[in-house]
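Take a look at the structure below.
The values are calculated or read from the model by the stated rules, or taken from the named source; none is laboratory data. Predicted, not measured: the structure shown is a model, and the values here were computed from it. Accessible surface areas use protein heavy atoms only, side chains included; no ligands, DNA or RNA. Shrake-Rupley method; radii C 1.70, N 1.55, O 1.52, S 1.80 Å.
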Amino acid sequence: SSGINAEYGDMIDEHMWTTNNMYLKIVDKFNDWNVSAFVTAGKQRFIILHDVKNEDSIRQFFQEVYELYIKIAMNPFYEPNSPITSQVFHQKLKILCRRYLI
């Protein structure tokens, strides 16, 4: 729901003011899940719920997702802030999830 998105958006905004890093680490907990965030240079927010304890894996995951996102965002046919519908993007995202989050 939009309330949840706004709540995490506010929480991420608070963390953004405390660091210059794009990877904000764990910003919250939800039941037994960690909530980690990454904010791009353009202020796009990537958020995942996970139970992985390895911060390096989460950071690397976000970094590689960011690289995929940049390739999509640079496409002249991509409309900023619209859903990413590329099947190639989604396939590569699944590979990254398996590599870093499982």
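Once neighbouring chains are kept in place and the probe is 1.4 Å, which whole percent of the accessible area of the stretch 36-102 is contributed by carbon and sulfur? For the stretch 36-102, the apolar C and S fraction of the accessible surface comes to 56 percent.
Answer rounded, prolate or oblate for the stretch 58-102, using the Cα gyration tensor with square roots of eigenvalues a ≥ b ≥ c: rounded when a/c is under 1.5, else prolate when a/b is larger than b/c, else oblate. Prolate, because a/c is 1.5 or more and a/b exceeds b/c.
Using only the Cα atoms of the stretch 10-102, build the gyration tensor, take square roots of its eigenvalues as a ≥ b ≥ c, and label the shape rounded, prolate or oblate: rounded if a/c is under 1.5, else prolate if a/b is larger than b/c, else oblate. Note, shape of the stretch 10-102 comes out oblate. 3J(HN,Hα) along the stretch 33-43, derived from phi through the Karplus expression 6.51 cos²θ - 1.76 cosθ + 1.60 where θ = phi - 60°, amounts to 9, 8, 10, 10, 9, 9, 10, 6, 4, x, 6 Hz, with x in place of Gly and Pro.
Amide H to amide H, with H built 1.01 Å from N, residue 25 comes under 5 Å of 37, counting only residues 5 or more places away or on other chains.
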